[in-house]
Amino acid sequence: MNNIHRDIKLADLVLLDHYYVLMLSHFNIHMPYGDKTIDTACIENKINPEVFLLFAGLFDSNQSITVPDLSEEDISTVISYLGNCHKYYLEEKYPSIKASIDQMMIDNGSREMKLVDVFFKEYINEVSAHLDYENKIVYPYIYSLCNSKNEVNSSESEFSVSNYKDHHDDIEEKLSDLKNILIKYLPGDNDQQIRRKLIFNLFELEFDLNIHTKIEDNILIPIVEKLESKEYRV
Amino acid sequence: MSNTKLNIAIAEKSELVTSGLTIMLNSIGASVACVVSDIGELRHYFNKVSIYVVFVNPVLLINKTEEFNKIRNEFVDISWIAINHSSVPIEQITAFAAEISIYISRVRLQQILSETVSKDNSVTYDTDTLLSERESEVLRFLAEGNSNKEIADIMNISIHTVITHRKNITQKTGIKSQSGLTIYAISKRIIDIKSI
């Protein structure tokens, strides 16, 4: 994966790994791609190709990420990307997972299934609160850091890096637990088809969430820390 | 699944429902050992015959929770299946392994029975039991809603030991959260659903 460069065609990227369709979609780059290269598509969509390549590099877990200095527009691109991820989870993924669980409730009358339903509802509430926190507190805070001269006092914002990271861990943990329960322990025999659909759905969600978390932990948070330290330099 | 005829009890007041259910159960090879109109009468039969499944109308349990729980605790191997007369699913989580509607088909009835019974068999003869006795204990207290500190106090061990047990449980099951572990505990009959 480390031979991705800006002259590669979008279509070839996608044919290499279909996940890129989702990544491109989060960047608001739509199909049909024609024969466009990464470079062309980025320029058309006012995206810094370096940012795109930075994100594409997150796939390769062996590659260490060095975050370049990002301009205000770049930071805006990153936040817009993350915002699109949120929409994807809330408007597409979670409703479809919920529909599968509702269907499973019909095919699977066990008491454990009822608890799985409750478990998922709790998970959704936690995630929605987390996404809300990001939309309402984290992103505005970052924008304010970008825009400020020496005005912003970071202790005034409610944002806290450690708090932020904790949220991630809890949510990831619940998703992983759900997978394990469905695969290993939830009793039931007549729900195989819908169970399989649900599991595939969860794996897909988890994949995108992992990239999302990597962006937040490895790109966004270092940006915040950099911006915060710049303040205190004066 | 066992080859012996499955012995079933029905606790239901409506003769219409009991005759219909009896006919359907007979046709799928199960044997109805008794029909009662009051759950107290069940004990008499449990002591005489090996009964594995009871179909019960939840209406019979109103104001009888204590008695019902006593019976359940005494005869732990029995699965209880609710007979739902309304078209609304029984929302609250109770001690029922499953619920059937009065519009159930023969095929579906058979499926539910084999799910319920095979689940019990797999728990009784589970050669894949994963957790040690101590770990199962910790899991039980955890699923009942206790914190690490509370578990340490109850079991008279250090909180560090509790945390180690939890780590091992997570490592063996793949489940970390308290609510997730609760579901696991119920599936393995380590706790009863009423105690959470």
Single residue of the range A:156-170 satisfying the filter (more than 10 Å from chain B (Cβ to nearest Cβ) and in a helix (DSSP H, G or I)) that is surrounded by the most Cβ atoms within 10 Å (Cβ to Cβ) | A:Tyr164
Criterion violated by B:Ala95 - all others in (1) over 12 Å from the mean Cα position of the chain (by Cα); (2) within 14 Å of chain A (Cβ to nearest Cβ); (3) aliphatic (A, V, I, L, M) satisfied = (1)
Quick one: in the range A:171-189, which of the residues that are acidic (Asp, Glu) and either in contact (Cβ under 8 Å) with a residue 60 or more places away in the chain or closer than 15 Å to A:Leu205 by Cβ (or both) is farthest from the other protein chains (Cβ to nearest Cβ)?
-> A:Glu172
Starting from the range B:149-177, keep only residues that are away from every other protein chain (no Cβ under 14 Å) and of a type in the set (A, V, I, L, M), then list their pairs with residues that are surrounded by 14 or more Cβ atoms within 10 Å (Cβ to Cβ) and not in a helix (DSSP H, G or I) whose Cβ atoms are within a distance under 8 Å, requiring at least 6 positions of separation or different chains.
-> B:Ile154/B:Asn146
In the set A:Ser100, A:Ser128, the lone residue that is of a type in the set (Gly, Ala, Ser), part of a helix (DSSP H, G or I) and in contact with a Lys or Arg (Cβ under 6 Å, 6 or more places away or on another chain) is A:Ser100
A:Asp60 passes all but one of (1) touching a helix residue (DSSP H, G or I) at 6+ places or on another chain (Cβ under 9 Å); (2) farther than 30 Å from A:Gln193 by Cβ; which number fails?
-> (1)
Exactly one condition in (1) in contact with a Lys or Arg (Cβ under 9 Å, 6 or more places away or on another chain); (2) in a helix (DSSP H, G or I); (3) surrounded by fewer than 18 Cβ atoms within 10 Å (Cβ to Cβ) is not met by B:Ile157; state its number.
-> (2)
Of the residues in the range A:2-32, those that are among the β-branched types (Val, Ile, Thr), assigned to a loop (DSSP other than H, G, I, E, B) and under 20 Å from A:Leu205 (Cβ atoms) number 0
Among residues of the range A:190-199 being of a type outside the set (Lys, Arg), surrounded by 14 or more Cβ atoms within 10 Å (Cβ to Cβ) and within 14 Å of chain B (Cβ to nearest Cβ), the residue farthest from the chain's Cα centre (by Cα) is A:Asn190
Screening A:Phe120, A:Phe59, A:Phe27 for residues that are at negative phi and at pLDDT below 95 leaves only A:Phe59
Hits in the range A:183-220 - residues which are in a helix (DSSP H, G or I), over 30 Å from A:Pro68 (Cα atoms) and of a type in the set (A, V, I, L, M, F, W, C) = A:Ile183, A:Ile194, A:Leu198, A:Ile199, A:Phe200, A:Leu202, A:Phe203
Name, by its number, the condition in (1) in contact with a Leu (Cβ under 8 Å, 6 or more places away or on another chain); (2) more than 14 Å from every other protein chain (Cβ to nearest Cβ) that does not hold for A:Phe59.
-> (1)
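Conditions (1) crowded, with 19+ Cβ neighbours inside 10 Å; (2) touching a residue at least 24 places away in the same chain (Cβ under 8 Å); (3) in contact with a Pro (Cβ under 7 Å, 6 or more places away or on another chain); (4) of a type outside the set (Phe, Trp, Tyr), marked per residue:
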{"site": "A:Ile4", "(1), (2), (3), (4)": "no, yes, no, yes"}
{"site": "A:Leu13", "(1), (2), (3), (4)": "yes, yes, no, yes"}
{"site": "A:Leu16", "(1), (2), (3), (4)": "no, no, no, yes"}
{"site": "A:Gly34", "(1), (2), (3), (4)": "no, no, no, yes"}
{"site": "A:Thr37", "(1), (2), (3), (4)": "yes, yes, no, yes"}
{"site": "A:Thr40", "(1), (2), (3), (4)": "no, no, no, yes"}
{"site": "A:Phe55", "(1), (2), (3), (4)": "yes, yes, no, no"}
Kindly indicate whether any position in the range B:130-140 is of a type outside the set (Ser, Thr, Tyr), within 14 Å of chain A (Cβ to nearest Cβ) and outside any helix (DSSP H, G or I).
-> yes
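Got a number for residues in the range A:99-114 being of a type outside the set (Val, Ile, Thr), closer than 30 Å to A:His26 by Cβ and either loosely packed, with under 15 Cβ neighbours inside 10 Å or within 14 Å of chain B (Cβ to nearest Cβ) (or both)? So that I can check it myself, show each step before the final result.
Filtering the range A:99-114 down to residues of a type outside the set (Val, Ile, Thr) leaves A:99-100, A:102-105, A:107-114.
Those left that are additionally closer than 30 Å to A:His26 by Cβ: A:99-100, A:102-104.
Then keep just the ones that are either loosely packed, with under 15 Cβ neighbours inside 10 Å or within 14 Å of chain B (Cβ to nearest Cβ) (or both); that gives A:99, A:102-104.
The total comes to 4.
The values are calculated or read from the model by the stated rules, or taken from the named source; none is laboratory data. Treat the numbers as computed from the prediction; the structure is a model and nothing was measured. Cβ coordinates were reconstructed from backbone atoms using ideal geometry, including for glycine residues, and neighbour counts include every protein chain displayed.
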